[in-house]
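The values are calculated or read from the model by the stated rules, or taken from the named source; none is laboratory data. Because the structure is predicted, anything quoted here is derived from the model rather than measured. Backbone-built Cβ (ideal geometry, glycine too); neighbour counts: all protein chains shown.
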Amino acid sequence: MAGAVIDAIVIGRNEGARLIACLRALRGQVRRLVYVDSGSSDGSAEAARRLGADVVALDMSLAFTAARARNAGLAELDAPEFVQFVDGDCEVQPGWFEAALAGFAAHPAAVVICGRRRERFPEASIYNGLADREWDTGVGQALACGGDALMRFQAVQAVGGYDADMIAGEEPELCLRLRRAGGEIWRIDAEMTLHDAALLRFAQWWRRSVRAGYAFAEGAARYGASAERHWVLEVRRAILWGMVLPLTVIGAGLLHPLAWVLALIYPLQVLRLARRSGLVWGFFSVVGKFAEAVGVISYWINRARGRRRGLIEYK
């Protein structure tokens, strides 16, 4: 696919040196570089202009979502063949575009190609390490991608771009609509981006998990009744492990002291998961279900009240 036209859209807010590294990695790799700034106060917009990016200042009087920022970037483009979406805390790796274009050539029905996102500092904290493990999904045809991916511009435009109302989970939702339109999502065995999650505290990891639960609930509310059963299983797991089982254990324990033995189901689940991915992953996978349940319930409450929740930020 020599001669393919690729533009890039970077979104960010107060990313500082991370944004500089992100933009520098893209210079000379794409025809046009668009940076969508979401109210930065650290000079990000000016730095991006110095690096040759076209800067779009998002109207922050409206509710912010990453999806709205990406759509603002799409609106600036002049029909490239491909568009690379990158978060401002990520750095595209050398050789990625060649590998991704080869992926499109190998899979003619593909509309999205993504690769391996890695954490820049997985050793900085347990939580960074967990994020690095999370990014390591299987290679092959997939249901969804993350925030970094190379996409066919016309395919994204044909389904209306991102859903700007979603505060999380916007990429899987877009991929669902792309698949419904006949496109395929592929993850290839290639280094794609370095990411700096900067997850250094338990509270950050917890809020990130709450956001995941919220996204699961919204996705299931929109598409759970369809053939895809989008995120129905994830919601059920969160509610079962994060709400139903603990309430059952507490209720039974209050009725009879011996019933507290039911609480052993949690360490047993940790050990079961640890057999596949290690003790740390098993422990936090179980604890994370409590945070995800909070997110699910938060979505349900807001929906019942007819209210729209703002971002759940962890940085």
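Can you tell me which residue in segment 269-315 is nearest to Val210 (Cα to Cα), limited to those that are without any contact (Cβ under 8 Å) to a residue 12 or more places away in the chain, of a type in the set (Lys, Arg) and not in a loop (DSSP other than H, G, I, E, B)?
Arg305
Output the residues belonging to segment 34-67 that are touching a helix residue (DSSP H, G or I) at 6+ places or on another chain (Cβ under 6 Å) and farther than 29 Å from Ile312 by Cβ.
Leu51
Mind listing just one residue for me: the one in segment 137-164 that is in a loop (DSSP other than H, G, I, E, B) and of a type in the set (Gly, Ala, Ser) and, of those, surrounded by the fewest Cβ atoms within 10 Å (Cβ to Cβ)?
Gly138
Residue by residue, here is whether (1) of a type outside the set (S, T, N, Q); (2) modelled with pLDDT under 95; (3) farther than 30 Å from Val280 by Cα holds:
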site: Ala110; (1), (2), (3): yes, no, yes
site: Glu119; (1), (2), (3): yes, no, no
site: Asn128; (1), (2), (3): no, no, no
site: Trp135; (1), (2), (3): yes, yes, no
site: Gln141; (1), (2), (3): no, no, no
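Look through Val112, Val92, Val83 and report the one residue that is out of contact with any Cys (no Cβ under 9 Å at 6 or more places or on another chain), of a type in the set (Val, Ile, Thr) and touching a residue at least 60 places away in the same chain (Cβ under 8 Å).
Val83
Conditions tested, residue by residue: (1) closer than 22 Å to Ala67 by Cα; (2) out of contact with any Asp or Glu (no Cβ under 7 Å at 6 or more places or on another chain); (3) of a type outside the set (Val, Ile, Thr); (4) surrounded by 22 or more Cβ atoms within 10 Å (Cβ to Cβ).
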| residue | (1), (2), (3), (4) |
| --- | --- |
| Ala99 | no, yes, yes, no |
| Gly103 | no, yes, yes, no |
| Gly115 | yes, no, yes, yes |
| Met166 | yes, no, yes, no |
| Glu191 | no, yes, yes, no |
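Which one of Ala220, Ala215 is modelled with pLDDT of 95 or more, out of contact with any helix residue (DSSP H, G or I) (no Cβ under 7 Å at 6 or more places or on another chain), buried (at least 19 other Cβ atoms within 10 Å of the Cβ) and of a type in the set (Gly, Ala, Ser)?
Numbers: Ala220 fails: out of contact with any helix residue (DSSP H, G or I) (no Cβ under 7 Å at 6 or more places or on another chain).
Answer to the selection: Ala215.
With a cut-off of at least 2 residues that are within 20 Å of the chain's Cα centre (by Cα), name the helices (runs of 4 or more DSSP H) lying wholly within segment 17-90.
Once the helices (runs of 4 or more DSSP H) in segment 17-90 are filtered for at least 2 residues that are within 20 Å of the chain's Cα centre (by Cα), what remains is 17-26, 66-75.
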